[in-house]
Structures are given as structure tokens and as C-alpha cells.
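Read the structure below first, then the notes.
The values are calculated or read from the model by the stated rules, or taken from the named source; none is laboratory data. All figures in this text were calculated on a predicted structure; none of them were measured in a lab. Glycine gets a Cβ as well: all are built from the backbone with ideal geometry, and neighbour counts include every protein chain shown. Each accessible area value is taken on the protein alone, full model and side chains, heavy atoms only, with ligands, DNA and RNA left out. Shrake-Rupley method; radii C 1.70, N 1.55, O 1.52, S 1.80 Å.
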Amino acid sequence: ESGWLPEVGVGVTLWTGRFEDREATWLRWCTQDGQLLLTGAERAAQERTARMQAEEREAQERTARAQAEEREAQERAARAQAEERAERLAARLRALGIDPEAE
């Protein structure tokens, strides 16, 4: 059951639950379709949860960026090592009189 108050655009309904550390049946503000309006404490808890989730997502994104940067650095180092090895091998072939560019 809910009582709609058209003058203020909200209603009241019975709700059973915990409020201010007491379990009971309470009157709660609601929308016209019976959806409960959040109490200040519920709204604060919802905002805290949303903020914590956003901070967690940001931390995960920072971690993912750092991991991607580390992979790129490792790939650059591996390419540099491969290039240095190819140059050393080409120099050895030239020292033996072999042109490494010839087919």
C-alpha cells in the first residue's frame, strides 16, 4: 500500500527493514510507482560504493597501462638485441669475405 501525495509529488509506503540500527516496519518516501526513495545514509553508501568502484577501475587502468608500457619496453629491448646480433653476424661474415647482403 502506498499513499500518493500529488501536492509534493511523492508518496509514502510501508517498508520493513533496518533503519538507524532498528529492524521494524517504517513509513518510507516513494515514487508514484512505489519505488523507494533513498535515505541519506543509503544515498551516501551508494555514492561511496560508486566512488570506490571508480577508484578501483582507475587503479586497474593504471596497472594495465603500466603492464602495456613494460611489454613495449621489453619488445623494444628484444628488437634492439636482435638487431645487434644481426649486425655482429653480418660483421663476422664480412670478415670472412662473405657479403651478407648478396643473395
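In what sequence, largest accessible area first, do E87, E42, E103 appear using a 1.4 Å probe?
E103, E87, E42
Note down the net charge around R51, summing +1 for each Lys or Arg and -1 for each Asp or Glu among other residues with Cβ under 12 Å from its Cβ.
Residues near R51 contribute -2 overall.
Using a probe of 1.4 angstrom, how much of the accessible area of the chain is carbon and sulfur, in percent? Walk me through the intermediate numbers first.
On the way: 4460 of 8900 Å².
Summing carbon and sulfur atoms, their accessible area is 50 percent of the total for the chain.
Please give the length that would be gained between R79 and L96 if that part of the chain were fully extended, namely 0.36 nm times their separation in residues minus their C-alpha to C-alpha distance (nm, one decimal).
In short, 3.5 nm is gained.
Enter the accessible area of L93 (Å², nearest 10), with the probe set to 1.4 Å and all protein chains included.
Its heavy atoms expose roughly 60 Å² to the probe.
Tell me what the chain gives for mean residue ellipticity at 222 nm when only DSSP H runs of n ≥ 4 count, each as -39,500 (n - 2.57), the sum divided by the residue total, rounded to 500 deg cm²/dmol.
My calculation for the chain gives -20500 deg cm²/dmol from helical runs alone.
Given bins 10 angstrom wide, list per bin the percent of all Cα-Cα distances in the chain, short to long.
For the chain, the pair-distance distribution reads 12, 18, 14, 11, 10, 9, 8, 7, 8, 3.
Any chance you could give the angle, 0 to 90 degrees and rounded to 10, that helix 40-95 forms with the longest Cα principal axis of the chain?
With both axes taken from Cα atoms, the answer is about 10 degrees.
Over the range 1-50, what per residue volume does the convex hull of the Cα atoms give, in whole Å³? Provide the component values of the computation, followed by the final result.
Working: hull volume 4.3 nm³, N = 50.
Hull volume normalised by residue count: 86 Å³.
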